[in-house]
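One structure below.
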Amino acid sequence: MSLFREAARQIFRKPATVKYPFEPGIVPPGLRGRPVWDMEKCILCVLCQNACPTAAIKMIPKGPDAGIEYHLDRCIFCGECADACPRKAITMTTNFELAETSRSNMVQHYKKPQQAQTQAAKT
Amino acid sequence: MVLYEIVGVFIYPGMAFLFGLAFLYEWIDRKFFARVQNRIGPLYTGRSGILQPVADFIKLLSKEDIVPASCERPVFSAIPIVYATLPLIALFVIPITGSALIAFEGDVIFLMFVSALITLTVFLAGWSSAGSFSRIGGIRSALQMLSYEIPFGLALIGPAISAHSLSLTKIAQWQAANSSWFLWLQPIGFAVVLISLLAELELVPFDIPEAETEIVAGWLTEYGGRRLALFRLGKDLELVVASTLVASLYLGGAQPLFFIPPVVILILKSIIVLLLISFVRAIFARFRIDQMTSGMWTYLLPLMIVQILLVQFGIGG
Amino acid sequence: MSYGSTIKVPFGPQHPALKEPEYFLFEVDGDIVVKVTPRIGYVHRGVEKAFEQETYLHNLYLAERICGICSHAHTTCYTQTVEGLIPLEVPPRAVYIRLIMAELERLHSHSLWVGIAAHEAGFDTLFMYLWRDREMIMDLMEEISGNRVTHAINTIGGVRRDITNEQANKIKKFMDRFEGNVKEYMKVLETEQTFLKRTKGVGILKPRDAISLCAVGPTLRASGIKSDVRADDPYLAYGEIPFNVITHDGCDVYARTIVRCEEMIESANIIRYALDHLPEGKIRVPPPRTIAPNESVGRVEAPRGELIHYARSNGTAKPERYKVRAPTLGNLASVCQTLIGAHVADIPMILAGIDPCFSCMDRMTITVKKA
């Protein structure tokens, strides 16, 4: 009978359930969601590819496809790439609703604009 | 006349009405149990989740039915139907609308017989399933019946002695005529009948035959699909039997109040009993089978004998 | 089944009493267990071989995923072992932050366990209440480290994120509330007759058996033996923080419950002390990429007991050999001993009493060649 008082009190309290996804979930500001690349700042230095523990980042150095290929299905959202980038071009957002229905949708290609490529090649 | 009887048996106050009550009581039980635990319970099917038990039933009907190869096939298949039908038979003698569908002297004994049959069905279900978990569950439920059966029977007999009748309808009418309920005339009997009903319905702290964490699902383990749907329907009907029985025997039964029809009053009283059962279910842990048998024989039976002696000496109606 | 002999009841690999798959074959005579035959290895993932394939920094994320509930204990032990290989001195602020996260993890793991113990006893209401409180700890850890489990706050050479002042105040306020709740639940556990009947006298492990069968963690301390890696072999900053090692003389499942509840209160005190004495300074130093040939052992008090990591380097950027000994492997022999003579209904209580984490444990499989 020891739980009697506590149980009787709980009947009149608001339930602790969060009605996600019908109501928005609780997202604290430091949550490590998916990373996004800012290609204006990126210098194609390959440090993020080396830092990634699961080979989720592939850097294509030159050609028409030059840029970053990011595999969402291999990412473990650790944030090592954001720590390793020397130009702070990668930000970890708080986006965690990342489900897709086919494997091909899980690869995102960040292209480096053409004129910026030659600029980067000069520096 | 025959049409009246057919409507009475199949629609009201017969099977359709009772099935509706069964689903409603399961919903009330689940919602209240959830609120005590600070959760919500069913929410999205129908307004505030009221159609959830119906949805579960229909879903189970559509699932695949796997029968173990080494089971006793005829018993295995027949048991769910028997288990769903026995509480219905018990409900036919309980005066839900003020007068029962079938009322005769000896109702109470008939009710005890049906509840013993239900436990025998449970034992057969566990035995015929031919798995070690099912067998253990069946044996445990038979042991449990040996413990609670006598206090339960005596708790039903207490009001019968005071009302000088073995018919449930007459006991309920006696309480209405003398405007005193057996709740305060025989309080020990009320407590004992609630505890024995918890043991019969296999609810915590006595849900030993189906202890989920010990023997998976006990005697229910090998059942699935349509057969499981019938078992769950039988369980809900047992819940209706238990709450309406206590409401008729100890809480005054179906009496009209001002302009409210007696059936509504009985349903309200049985919902109070149901909430009490749900609350007790939430605040205790589960007993072990040997602790339960020794506890019942050491405490419940002597208490009930004391109550019967008090009634014989004129205290308590 | 022949007349008069025992029934064989299999527990697992899938069973509601075991949260992770392992196989136990019980021979039951009536209601009493006569013989136990365990078979482990269902969750063996080849983690130790995988350690040899990647660099030290990438292996940190592998070590984190050995277990979900004690992931911070694994990364703390890993970084401690690798920093012992180099050797590397970690700044004091990083040490304190690691300690605070480790104690927060102990809180969440123990409240998970008490909820599971209540659930195994059929006490579902207490299970729901405890896990509701545990959600608040998970939200706190999410705010500090970025994730509810697999926090990735440790790195070789320090920590990756700092604790701000307002986060520190939030943690302190929450500790007061949580400690009050735990004390209330302890009162319920100590007086609830149905729970006491299920746990008192169940799964008795005498102190001599506990030592000879290599029990670790709260299982050992519930038999009255004062043995805690934080006190015997202080790592991180435990040498500077005053705390008590909780023991109890009951030797049964009830004693294990009480030991874990009191450890939760002790952890709350440690967190408050550490937050008040948090030193200033930087939070990480850069480690070298390759490590000269060396050997190192790291010991950490995970929530379940003593966790041991062993590493051997050979001058390259990848380790040559890495070994992990999880605490549940140490407790397995003692649980097989305590199960004999118990009722069938006591089996889940005793199995849950050691706080089994089988995914941590399955490091190797034993193959027996038939002659």
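Only the coordinates and a few stated rules stand behind these numbers; no lab work does. Only a predicted model underlies this, so the values are computations on that prediction, with no experimental measurement involved. When we count neighbours, we look across all protein chains shown, and the Cβ atoms used for this are built from the backbone with ideal geometry, even at glycine.
Data for the structure
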{"read-out": "Two-decimal Rg/Rh across the stretch B:7-165, once Rg and the Kirkwood Rh are taken from alpha-carbon atoms", "value": "1.01"}
{"read-out": "Estimated D of the stretch B:164-204 in µm² per second, where Rh is the Kirkwood radius over Cα pairs and Stokes-Einstein applies at 4 °C, 1.567 mPa s", "value": "112 µm²/s"}
{"read-out": "Residue among C:H151, B:F206, C:A17 farthest towards the positive dipole end of the protein assembly as shown, charges placed on Cβ", "value": "C:H151"}
{"read-out": "Net +/- balance of residues flanking C:Y56 in space, Cβ distance below 14 Å, scoring K and R +1, D and E -1", "value": "-2"}
{"read-out": "Kirkwood hydrodynamic radius of the protein assembly as shown, from inverse mean 1/r over distinct Cα pairs, in Å", "value": "30.2 Å"}
{"read-out": "Cα-Cα separations in chain B greater than 26 Å, expressed as whole percent", "value": "47 percent"}
{"read-out": "Cα-projected label distance for A:F12 with B:M15, points at 7 Å along beta-carbon direction, nm", "value": "4.5 nm"}
{"read-out": "Simple label model, 7 Å out from Cα along Cβ direction - C:F243 to A:V27, nm", "value": "3.5 nm"}
{"read-out": "Sequence of C:F243, B:F190, B:F258 once ranked by neighbouring C-beta atoms within 10 Å, starting from the fewest", "value": "B:F258, C:F243, B:F190"}
{"read-out": "Within chain C, helix-based [θ] at 222 nm, where runs of 4 or more DSSP H residues each add -39,500 (n - 2.57), nearest 500", "value": "-15000 deg cm²/dmol"}
{"read-out": "Residue mean of other protein chain beta carbons inside 10 Å, C:8-18", "value": "3"}
{"read-out": "Largest to smallest principal axis extent of the C-alpha atoms in the stretch C:1-92, angstrom", "value": "68, 29, 21"}
{"read-out": "Diffusion coefficient, µm² s⁻¹, Stokes-Einstein with Kirkwood Rh over alpha-carbon pairs of the stretch C:139-232 at 37 °C and 0.692 mPa s", "value": "189 µm²/s"}
{"read-out": "Whole-Hz ³J(HN,Hα) from phi, Karplus 6.51 cos²θ - 1.76 cosθ + 1.60, for the stretch A:6-18, glycine and proline x", "value": "4, 5, 5, 5, 5, 4, 9, 8, 5, x, 7, 6, 9"}
{"read-out": "Kyte-Doolittle at least 0.5, axis length at least 18 Å by Cα - qualifying DSSP helices, chain B", "value": "B:15-36, B:73-92, B:107-128, B:132-163, B:187-200, B:226-249, B:262-282"}
{"read-out": "Principal axes of the stretch B:117-234: Cα extent on each, largest first, Å", "value": "53, 26, 18"}
{"read-out": "Test item: Cα-centred dipole of the stretch C:14-153, Lys/Arg +1 and Asp/Glu -1 on Cβ, debye", "value": "180 debye"}
{"read-out": "Per-selection metrics, the stretch C:47-361 (Cα): Rg and Dmax in Å", "value": "19.4, 61"}
{"read-out": "Shape of the stretch B:4-74, Cα gyration tensor, a/c cut at 1.5", "value": "oblate"}
{"read-out": "Axial C-alpha extent at least 30 Å, average Kyte-Doolittle at least 0.0 - helices from chain C (DSSP)", "value": "C:92-120, C:253-276"}
{"read-out": "Peptide C:193-200, shielding by other chains (average Cβ, 10 Å cutoff)", "value": "5"}
{"read-out": "Calculated log₁₀ intensity ratio I(q)/I(0) where the Debye formula runs over C-alpha points of the stretch C:276-366, q = 0.10, 0.22, 0.23, 0.24 Å⁻¹", "value": "-0.47, -1.10, -1.13, -1.16"}
{"read-out": "Shape box of the stretch C:182-298 [Cα atoms, principal axes, largest first, Å]", "value": "57, 36, 22"}
{"read-out": "Per-residue mean of C-beta atoms belonging to partner chains within 10 Å, peptide A:6-13", "value": "6"}
{"read-out": "Cα-centred dipole magnitude for chain C, charges only on beta-carbon of K, R (+1) and D, E (-1), debye, nearest 20", "value": "820 debye"}
{"read-out": "Cα-centred dipole magnitude for the stretch A:31-122, charges only on beta-carbon of K, R (+1) and D, E (-1), debye, nearest 20", "value": "300 debye"}
{"read-out": "Among B:181-187, A:106-112, B:19-25, the order from most to least packed when residues are scored by Cβ within 10 Å on average", "value": "B:19-25, B:181-187, A:106-112"}
{"read-out": "Protection proxy ranking of B:299-309, C:263-273 - average other beta-carbon atoms within 10 Å, highest first", "value": "C:263-273, B:299-309"}
{"read-out": "Lysine pairs in the stretch C:47-361 with Cα atoms under 29 Å, if 8 or more residues apart or on separate chains", "value": "26"}
{"read-out": "Dipole of the protein assembly as shown [Lys/Arg +1, Asp/Glu -1 at C-beta], most positive-end residue of A:T17, C:A168, B:I267", "value": "C:A168"}
{"read-out": "Residues B:S167, C:S223, B:S179, sorted so that the one with the fewest Cβ neighbours within 10 Å comes first", "value": "B:S179, B:S167, C:S223"}
{"read-out": "Ranking of B:T85, B:T298 by count of other Cβ atoms within 10 Å, fewest first", "value": "B:T298, B:T85"}
{"read-out": "Cut-off 9 Å between beta-carbons: net charge of the residues surrounding C:I308, Lys and Arg +1, Asp and Glu -1", "value": "+2"}
{"read-out": "Extension gain (nm, one decimal) between B:L120 and B:L268, 0.36 nm per residue minus Cα-Cα", "value": "50.2 nm"}
{"read-out": "Cα gyration tensor category, rounded, prolate or oblate, for the stretch A:21-76 with a/c compared to 1.5", "value": "prolate"}
{"read-out": "Global geometry of the stretch B:127-175, whether rounded, prolate or oblate, following the gyration tensor of its Cα atoms and the 1.5 cut on a/c", "value": "prolate"}
{"read-out": "Label point distance in nm, B:L301-C:K49, each placed 7 Å from Cα along Cα→Cβ", "value": "6.3 nm"}
{"read-out": "Chain A: Cα Rg divided by the 2.2 N^0.38 Å rule of thumb", "value": "1.57"}
{"read-out": "Debye log10 I(q)/I(0) at q = 0.09, 0.10, 0.16 Å⁻¹ for the stretch C:212-371, Cα point scatterers", "value": "-0.42, -0.51, -1.05"}
